[in-house]
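Reviewing the structure listed below.
Readers should treat all values here as calculations from the given coordinates under stated rules, not as data from a laboratory. No experiment lies behind these values; they were computed from the predicted model shown. FYI the Cβ positions are ideal-geometry reconstructions off the backbone, even for glycines, and counts take in every protein chain you see.
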Amino acid sequence: MTVDFIFLGQEQWAKFLGEIRDGDNNMLSTLIAASLVAKSLAVPATAPLGDLDKGALVTVMRVIDGKLYVGGRFERANRKLVNNIAVWDGSSWSGIGRGVDGEVKDIVGFKGKIYVCGEFSYAGKSSENEGIPANRIAEWDGTKWNAMGERPVDRQIFALATDGKALYIGGNFTKINDETETRAVARWNGKKWESIGGKFDRYVQTMTFHKGKLYVAGYFAEFGDDSFNNVAVWDGTTWSEAGNGGLSSTVNRLSSDGENLYAAGKFNIGGKSGIAKFEESKWSLAVPTSGENYWVHAEAGKLFIAGDFTEANGKKSHQLAIVDGKNTMTTPEIMYVSHRVIMPFGGSYIVGGSYGDVQVETIGGVLKWTGANSLDAYDLVSGN
């Protein structure tokens, strides 16, 4: 009896094991077969000196000046202490000044510097260096970390965006500089924090510039006395709801390719979940999916999507999809995997999330995907 072990599905494997048990093969044959299928079903094991910490969580990626910046919750990359933010240049991992002491929520480049926000209190902290106080946001100038005020905000910062002139933050805060009241949005003009009239009743989770305007989204229902459903736009002077009625539920991510604006989240359009597209002042369903979407990135006419779904554009796909017009690239199910983010980089697609396999071991939070619908289309992002 000959069998190709490499791409047996779980149901096929169960059936095959039953055939072995009912036949004349001995227990050794069964054990050998079991070891082969465990290897085939697992995410590739960590290579020496490679990848992030076992059990790492990656939730944000940005390409800045030709390098991939990865943020989330982890300590090391390539055995180097990086503390929650790492940089992949295509061949090796590095950190930036020992990182920050808590989870990174977003990253952006602005005027040659790197800005990060998240759940942290210090930047550059290590066993040899106490670092600097940095309340939820910090600036890396290429040489050292810098604080951006003693108490920039009183609560969480979830999102960053820039138009090249100023840096904008979104979150759940109610004050800036410990004195100025504002709700969920503020601006850094290069010297100080200032309000731009934020009056959201809850929080902003994502923001991006699209055709010269700042779009923000998250979980909110009111702006002052007006109804704003989860997505809003700032034209430089006033705030308004983006679209007639906004979106029906939480928005996790916004992305613009310059021509179109897209949203990922928990919302439904016409009773269907998926990626939403904004045009002519209204939202439409661009890509239907079978569940919540955590991430969308629009680039060169393609949509890169990650979420808790098993179908995308009517095709079976496990938590990832790349949509190029009418073509949809899909991926098979992998056990113990949670994909949260995907970015094109270096001729491949870099995927982030939380990855483990109790059959073999837990691995770090980044993988490389070629785009093929097969288990061997994944590899580790590793370097020496």
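Simple spin-label estimate for D65 and E119 gives 3.0 nm between the two label positions (7 Å along the Cα-to-Cβ direction from each Cα). Rounded to the nearest 10 degrees, the angle from helix 27-41 to the longest Cα principal axis of the chain is 30 degrees. Remark on E75: its backbone amide H falls under 5 Å from those of D53, N84, a criterion applied only to residues 5 or more positions apart or on other chains, H modelled at 1.01 Å from N.
Computed 3J(HN,Hα) for the range 195-209, one whole-Hz value per residue from the Karplus formula 6.51 cos²θ - 1.76 cosθ + 1.60 where θ = phi - 60°, is 7, 10, x, x, 9, 6, 7, 10, 10, 9, 10, 8, 7, 7, 8, glycine and proline marked x. Here the range 180-212 is scanned for amide nitrogen atoms under 19 Å from the site 7 Å beyond the Cα of E292 along Cα-to-Cβ, giving 202-207.
Phi angles across the range 148-154 convert, under the Karplus curve 6.51 cos²θ - 1.76 cosθ + 1.60 with θ = phi - 60°, into 3J(HN,Hα) values of 10, x, 5, 9, x, 9, 9 Hz, Gly and Pro given as x.
Relative to the current alpha-carbon distance between E222 and D163, full extension at 0.36 nm per residue lengthens the span by 18.7 nm. You can think of it this way: the chain between S281 and K302 has 5.4 nm of extra reach, that is 0.36 nm per residue less the Cα-Cα gap. Once the Cα-Cα distance is subtracted from the 0.36 nm per residue extended length, the R151 to N327 segment shows a gain of 58.6 nm.
From the Cα gyration tensor of the range 132-287, with a ≥ b ≥ c the square roots of its eigenvalues, which class applies: rounded if a/c is under 1.5, or else prolate if a/b is larger than b/c, or else oblate? Taking the square roots of the gyration eigenvalues as a ≥ b ≥ c, the range 132-287 is prolate. P(r) for the chain, please, calculated from all Cα pair distances in 20 Å bins and given in %. So the P(r) values, bin by bin, are 28, 53, 17, 3. Please give me the summed charge of the neighbours of Q319: other residues whose Cβ is under 10 Å from its Cβ, Lys and Arg +1, Asp and Glu -1. Computed value for this residue: -1. Translational diffusion of the range 308-358, estimated by Stokes-Einstein from the Kirkwood radius over alpha carbon pairs at 20 °C in a medium of 1.002 mPa s, is 182 µm² per second.
Around A242, under 10 Å between beta carbons, what's the net of Lys plus Arg minus Asp minus Glu among the other residues? With Lys, Arg at +1 and Asp, Glu at -1, the net is +1.
When the pairs K80/K192; K105/K326; K211/K326; K111/K213; K125/K302; K192/K282 are compared against a 27 Å limit on Cα-Cα distance, K80/K192; K105/K326; K125/K302; K192/K282 fall above it. Projecting the alpha carbon convex hull of the range 261-384 along each direction and taking the average yields 8.3 nm². The modelled label-to-label distance between D178 and D379, using points 7 Å beyond Cα along the C-beta direction, is 5.2 nm.
Note on D201/K80: beta-carbon distance plugged into 1/(1 + (r/R0)^6) with R0 of 41 Å gives a FRET efficiency of 0.45.
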